[in-house]
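K.L.:
This structure is in structure tokens; I'll ask about it shortly.
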Amino acid sequence: MTEQNIIDTAKAQAVPVLPNAQTVTSVTHYTDFLFSFRVTRPQSLRFRSGEFVMIGLMGDNGKPLLRAYSIASPNWDEELEFYSIKVQDGPLTSKLQNIKVGDQVIVRPKPVGTLVLDALLPAKRVYFIATGTGIAPFASLMRDPDLYERFDEVIMCHTCREVAELKYGSDLVASLADDPLIGEFVGDKLKYYPTTTREDSPHTGRITELLQNGTVAADLGLPLLNPETDRVMICGSMGLNTDIKEICETAGLNEGSNSMPAEFVLEKAFVG
Ligand code: A2P
């Protein structure tokens, strides 16, 4: 071995090999506090739309810093997409918000979660109710042909403080009708109902109030929640989840799970 070979071998051994590393393929920033990114997909990763995985970066201490993130891309996509907040002093998102194309992100290929179509009994209509980054699992589900095979109507309700925070979801919904892969499945089945609470927009107010006072039903020409015809999937803050769960239970809907499908399911939106 030459001296150069020895140096090269030593250097190669010193480079830490990231377990489960995937390569960033695109990054989109929406606001000072929100961004999405796409990474290569581990070959072994199979998931159901709506599930989440642990992702992260190598910490300064050499240990992986991982958080739960819903997969925002559909299960047929050859890449994985994630939608994240940026927290300036957040251990992970303070660093994750700076990733660039070509960087590496750790993705643990063990998907889990309750926001899956298998946890719901068949029905005519499904409501997706999200606040903030809670739209991520629905970004996956809205691109899954299976959703439109199971339901005649899909109502995507998304509440954010300001209009700019709706852009990830509104761009996605707008792209679906003409999407060459799933446009024909979506047809006119998907109805989008964005609301803002701290800035005026066509629908101002919390989704909880707008559901309870009948505004959503009136605006969309739909009947009130009914366990015979309606299913609900919820992903938001703890407060939102608790409040919508109560609205569902008052309307006679029961909480479902993977092992016992029923009328509604919920999951906390994960924060960095
Ligand atoms: P609000 O502005 O009235 O608090 P956050 O940014 O705090 O995570 O909230 C995201 C969005 O979710 C905001 O528009 C917020 O409204 C709304 N929100 C928070 N908690 C609830 C709740 N319990 N029910 C309905 N909407 C909620």
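K.L.:
Step through the table entries 189/268; 100/124; 86/189; 63/86, compare each Cα-Cα distance with 31 Å, and write down the pairs that go over it.
P.N.:
Going by Cα-Cα distance, 100/124; 86/189 fall outside the 31 Å limit.
K.L.:
Per residue, what volume in Å³ does the convex hull of the Cα atoms of segment 77-170 enclose? Can you show the working numbers first?
P.N.:
Numbers: hull volume 12.9 nm³, N = 94.
Taking only Cα atoms, segment 77-170 has a hull volume of 138 Å³ per residue.
K.L.:
If a/c stays under 1.5 just call it rounded; otherwise compare a/b with b/c (prolate if a/b is bigger, oblate if not). Do that for segment 203-254, with a ≥ b ≥ c from the square roots of the Cα gyration tensor eigenvalues. List each step's numbers first, then the result.
P.N.:
Working: a/c = 1.98, a/b = 1.05, b/c = 1.88.
Since a/c reaches 1.5 but b/c is at least a/b, the shape of segment 203-254 is classed as oblate.
K.L.:
One quarter of the convex hull surface, Cα atoms only: what value does that give for the chain in nm²?
P.N.:
If I average the Cα hull's projected area over directions, I get 16.6 nm².
K.L.:
Quick one: net charge of residue 161's neighbours, Cβ under 9 Å, K/R +1, D/E -1? Walk me through the intermediate numbers first.
P.N.:
Details: positive: 198; negative: 162, 165, 199.
With Lys, Arg at +1 and Asp, Glu at -1, the net is -2.
K.L.:
Shifting gears a bit: Provide the descending list of Cα extents for segment 100-148 along its principal axes, expressed in whole angstroms.
P.N.:
Extents along the principal axes, in whole Å: 43, 23, 19.
K.L.:
Still on this structure: Round to a whole number: what % of the accessible area of the chain belongs to carbon and sulfur, probe 1.4 Å?
P.N.:
52
K.L.:
Under the classification rounded if a/c is under 1.5, otherwise prolate if a/b is larger than b/c and oblate if not, where does segment 171-272 fall, given a ≥ b ≥ c as square roots of the Cα gyration tensor eigenvalues?
P.N.:
On the way: a/c = 1.38, a/b = 1.17, b/c = 1.18.
Because its axes are fairly even, with a/c under 1.5, segment 171-272 counts as rounded.
K.L.:
If you don't mind, there's one more thing I want to ask. Once the principal axes of the Cα atoms of segment 3-112 are found, what is the range along each, listed largest first in whole angstroms?
P.N.:
The principal-axis extents, from largest down, are 52, 33, 22 Å.
The values are calculated or read from the model by the stated rules, or taken from the named source; none is laboratory data. Because the structure is predicted, anything quoted here is derived from the model rather than measured. All Cβ positions, even for glycine, are placed from backbone atoms using ideal geometry, and neighbour counts span all protein chains on display. To get the accessible areas, we keep the full protein, side chains included, count just its heavy atoms, and leave off ligands, DNA and RNA. Shrake-Rupley method; radii C 1.70, N 1.55, O 1.52, S 1.80 Å.
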